[in-house]
1. Give the residue that is nearest to L151 (Cα to Cα), with candidates limited to residues of segment 170-198 that are assigned to a loop (DSSP other than H, G, I, E, B) and touching a residue at least 60 places away in the same chain (Cβ under 8 Å).
2. Please name all residue pairs, on different chains or six or more residues apart, with Cβ atoms under 6 Å, provided the first residue is in segment 139-164 and is among the β-branched types (V, I, T) and the second residue is in a helix (DSSP H, G or I) and more than 16 Å from the ligand (Cβ to nearest atom).
3. Going through segment 36-82 one residue at a time, which ones are modelled with pLDDT under 90, away from the ligand (no atom under 16 Å from the Cβ) and either on the phi < 0 side of the Ramachandran plot or in a strand (DSSP E or B) (or both)?
4. Are there any pairs with C-beta distances below 9 angstrom linking a residue in segment 273-296 that is closer than 16 Å to E195 by Cα to a residue that is surrounded by 11 or more Cβ atoms within 10 Å (Cβ to Cβ) and among the aromatic types (F, W, Y), with the two at least 6 apart or on different chains, and if so which?
5. Find all pairs meeting these conditions: Cβ atoms under 7 angstrom apart; at least six residues apart or on different chains; first residue within segment 10-31 and among the hydroxyl-bearing types (S, T, Y); second residue modelled with pLDDT of 95 or more and part of a strand (DSSP E or B).
6. Looking at this structure, is G274 out of contact with any Phe, Trp or Tyr (no Cβ under 7 Å at 6 or more places or on another chain) and of a type in the set (G, A, S)?
7. In segment 110-117, is there at least one residue being part of a loop (DSSP other than H, G, I, E, B), charged (D, E, K, R) and within 15 Å of H147 (Cα to Cα)?
8. Within segment 121-129, can one find any residue that is closer than 30 Å to G50 by Cβ and of a type outside the set (F, W, Y)?
Amino acid sequence: MTLLLKNITKRFGQFTAVNDLTLEVPENEMFGFLGANGAGKTTTFRMVLGLIDQTEGTITWNGKGINYSTTPEIGYLPEERGLYPKMKVMDQIVYLARLRGMKKQEIVKELDIWLERFNVPEYKHKKIEELSKGNQQKIQFIAAVIHKPKLLILDEPFSGLDPVNVELLKEAVIEMKENGTTIVFSSHRMEHVEELCENLCIMHHGTPVVHGELKTIKRSFGKKNISIHADFDLSSLQEVEGVLKWKKSTEGVRLQVESESIAEKVFQHVVSLGFVRKFELEEPSLHDIFIEKVGSSYE
Ligand SMILES: Nc1ncnc2c1ncn2[C@@H]1O[C@H](COP(=O)(O)OP(=O)(O)OP(=O)(O)O)[C@@H](O)[C@H]1O
């Protein structure tokens, strides 16, 4: 049940939105798809779902082509949320889940479980337009997953949700993954991807610039961060060769250094200055990697 994208290119007239993208998302995987605004994420999702055609390349799920409307085992949370404002929550979900091949009785049973889980059972008979934006998003998420898809595509699933609801949604996707669903999601929030994904791809102007296992990507980035807590002036660390970034924190400083050997030099320098309450060498964050690869064009 692998999702395979092979040399995918999408052109809109003269403009290339996706350029020679090759990806493999193994079964039972949560895959992070990142990129600045306009990088080509939604366009790629639409091609994966067969909603638009690629200009070049092939996309297969389990060895076969995908067509969202005729492949019920796929779930999709689109970026532009598509609920009918005047429809009641239950009617909306019943309508959408029937298109995914479910029977009404089963839909209502599952809907009750989801509404309870998302702390909104009272919304079942309310009109969509009466719900807040975040709650509408939870309903749209339910519509994407109620039929227990085998492949789930989530375009910015966490945007617009408060921290409590982000956690509820995260728990739900983790559980689905554990139950065998392959999930691909896009996000601008690096910490979500860091927490949820083993593998990821960062797109930049339609081209994949980073692709692979999160652990390996971090290790091969080379640069490291150091967190130091001390009660004396640490500004002289800026002068140590190989220190790339220096930033004050509440209890000391945070540095980015070129390599682990530079970290040793920093350590020797700092202990010569006085007592250090904390000195910790950290892997770079995905945020650091993203900023370096995608640069100032990221908003
Ligand atoms: N139908 C279309 N016709 C012409 N250009 C398009 C079309 N759809 C998308 N594009 C262009 O393709 C590029 C990629 O858009 P896409 O929506 O895939 O980006 P994205 O990575 O999802 O961005 P965001 O993070 O803002 O949602 C953009 O420059 C966009 O303007």
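The values are calculated or read from the model by the stated rules, or taken from the named source; none is laboratory data. All values derive from a computational prediction rather than experimental measurement. Virtual Cβ from ideal backbone geometry, glycine too; neighbours counted across all protein chains shown.
1. Residue satisfying both the conditions and the ranking: T181.
2. Filtered contacts from segment 139-164: I139/V89; I142/W114; I146/A97; I146/E110.
3. Matches in segment 36-82: K64, G65, I66, N67, Y68, S69, T70, T71, P72.
4. Taking only residues 6 or more apart or on different chains, the pairs are E283/F221; P284/F221; D288/F221; I289/F221; F290/Y298.
5. Note: pairs meeting the criteria are T16/T9; T22/L5; T22/K6; T22/N7.
6. Working: out of contact with any Phe, Trp or Tyr (no Cβ under 7 Å at 6 or more places or on another chain): no; of a type in the set (G, A, S): yes.
Taking the combined requirement at face value, the residue does not satisfy it.
7. no
8. Within segment 121-129 (the criterion being closer than 30 Å to G50 by Cβ and of a type outside the set (F, W, Y)), the answer is yes, since at least one residue qualifies.
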